[in-house]
Amino acid sequence: MSQSHSSLLLWFRQDLRMADHEALYQAAQSGKAVLAFYLYSPEDEKNWAPGGASRWWLHHSLASLEKSLSHYSLTLIYRQGSAEVEIPKILQESGADT
């Protein structure tokens, strides 16, 4: 996954849309390679851990987001675990500097 040029990590959390997405817009305008990722981390959500219907919605929303990103030659990277652990890992593995 290592990048040879400047790249940035764009973390999709609860906003899984592409239209009117300010962070995505700013990332695209930066001139850097965009690495889109989603972190499944219900333990970080505490009282908001997803139930069955939420997980069904999430699955389909992520599939739709992944399809939309692919139109721009972007791949959605999936991770599971704690944000404190996974974000430093993905930064290290990808070489993203932003």
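Here are some notes:
- Taking the numbered list (1) within 17 Å of residue 10 (Cβ to Cβ); (2) out of contact with any helix residue (DSSP H, G or I) (no Cβ under 8 Å at 6 or more places or on another chain) in turn, residue 57 passes all entries but (1).
- Residue 86 being farther than 20 Å from residue 21 by Cβ, at pLDDT 90 or above, open to solvent by less than 50 Å² (accessible area, probe 1.4 Å) and acidic (Asp, Glu): yes
- Options 16, 65, 69; residue that is over 20 Å from residue 94 (Cα atoms), open to solvent by less than 20 Å² (accessible area, probe 1.4 Å) and either within 12 Å of the chain's Cα centre (by Cα) or modelled with pLDDT of 90 or more (or both): 65
- Qualifying positions in segment 66-98 - of a type in the set (D, E, K, R), touching a strand residue (DSSP E or B) at 6+ places or on another chain (Cβ under 9 Å) and under 16 Å from residue 12 (Cα atoms): 66, 79, 86
- Residue, surrounded by the most Cβ atoms within 10 Å (Cβ to Cβ), within segment 34-57, restricted to residues that are modelled with pLDDT under 85 and among the polar types (S, T, N, Q): 54
- Scanning segment 25-33 turns up no residue that is open to solvent by 20 Å² or more (accessible area, probe 1.4 Å), at pLDDT 90 or above and under 11 Å from the mean Cα position of the chain (by Cα).
The values are calculated or read from the model by the stated rules, or taken from the named source; none is laboratory data. The structure presented is a predicted model; accordingly, all values stated were derived computationally and were not measured. Please note: Cβ atoms are built from the backbone with ideal geometry, for glycine as well, and neighbour counts cover all protein chains shown. All accessible areas refer to the heavy atoms of the entire protein, side chains included, with ligands and DNA or RNA removed. Shrake-Rupley method; radii C 1.70, N 1.55, O 1.52, S 1.80 Å.
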